[in-house]
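The values are calculated or read from the model by the stated rules, or taken from the named source; none is laboratory data. Not measured: the values here are computed from a predicted model. Every residue, glycine as well, gets a Cβ built from its backbone with ideal geometry; the counts of neighbours run over all protein chains shown. Ligands, DNA and RNA are excluded from the accessible area calculation, which covers all protein heavy atoms including side chains. Shrake-Rupley method; radii C 1.70, N 1.55, O 1.52, S 1.80 Å.
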Amino acid sequence: MFYICIIIGIVLIVAFTWLIRRQRSLKQRAHLIEEAIRNRDFTFRLPTDGLLPGERAMQETLNRLGQTIRQQVNQNEVESWERLTRVLTHEMMNATAPIASISQSMLSRDDVKGTPLEDGIQAIYDTSCHLSSFVANYRKMSELEKPTMSELPLRPMLDEICKTYPELTWIVSVPQNTITRADAGMLHQVLINLTKNAVEAGAGKMVIRQEGQELYIGNDGLPIPAENRQSLFVPFFTTKRSGSGIGLSLSRRMMIQQGGMLDLAEKQFDGCRAGFILTIPIITKNTPR
């Protein structure tokens, strides 16, 4: 009887110790989620290994909730930019169109050619043309059609883009039988935009890897400076002298419209110095033997 009591006591001590550690772990997870939400970081994905079935279900639900909140926040952000875009497009077009037309007609007059007025009017005309181009880029942000979703073989699209940029070395780790559900035109444009950005950053190699429901698209071009990372998807933000600053923001919007997402990758692979994560529905179908 004495030994049975000892065994029971040891079991109770072990169980009590395990329970305390379990509660501390759960408390730490709750703290991490709270900090992430406070910092508006909805990309958190806490591990579910080693949890009891109920705890695992709760953690998986919280992870999915974080993704849902992130998508909703990004969608609201896109809608805000759309409203602003429509207003600015209307006002800027009303202002720039008459200026460009009048200055162009004045440049063709004989009493202006070769006079000190010509340089000033030419500057006015060039500036108005630049503003008109800027307005056209605004329109691209507000006139996207609704996506036409369908199941697409992913690898042929990637192979086509590889052929479009033969000067790059491509490392594509995506199974041939991978299917995605997306708008073919939008997805193709996003991939092209990311490749063009890589080329402009001096890349010689592109890496595409499938990781679950995500595609990692990296390159060995110039790394993205830390001070630019927060503004990377803000419309019209650019560090290029001739850039319009709509490529990445437009690409993210197209991915959101398809129910996916475009993010900057925190971890790089295969010698890449910059990369992005495309989140899209991915299906790997079994190939017949």
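For the structure I just gave you, tell me whether Val73 is in a helix (DSSP H, G or I), modelled with pLDDT under 70, among the hydrophobic types (A, V, I, L, M, F, W, C) and exposed (fewer than 14 other Cβ atoms within 10 Å of the Cβ).
yes
So Met149 clears everything in (1) more than 18 Å from the chain's Cα centre (by Cα); (2) open to solvent by less than 50 Å² (accessible area, probe 1.4 Å); (3) touching a residue at least 24 places away in the same chain (Cβ under 8 Å) except one condition, right? Which one?
(2)
Aromatic (Phe, Trp, Tyr) and modelled with pLDDT of 70 or more: is that true of Trp81 in this structure?
For Trp81, the condition - aromatic (Phe, Trp, Tyr) and modelled with pLDDT of 70 or more - is not met.
Assess whether Thr178 counts as being open to solvent by less than 60 Å² (accessible area, probe 1.4 Å) and either free of Cβ contacts under 8 Å to residues at least 40 places away in the same chain or on the phi > 0 side of the Ramachandran plot (or both).
Answer is no for this residue.
Those residues that are surrounded by fewer than 14 Cβ atoms within 10 Å (Cβ to Cβ) and at pLDDT 90 or above, I need them from segment 251-270; list them, please.
Within segment 251-270, no residue meets the criteria.
Kindly list the number of the only condition in (1) more than 24 Å from Pro156 (Cβ to Cβ); (2) surrounded by fewer than 20 Cβ atoms within 10 Å (Cβ to Cβ); (3) at pLDDT below 90 that fails for Gly212.
Evaluating Gly212 over (1) more than 24 Å from Pro156 (Cβ to Cβ); (2) surrounded by fewer than 20 Cβ atoms within 10 Å (Cβ to Cβ); (3) at pLDDT below 90 leaves (1) as the failure.
Filter segment 169-220 down to residues that are assigned to a helix (DSSP H, G or I) and not basic (Lys, Arg), then give me how many there are.
The number of residues fulfilling the criteria is 16.
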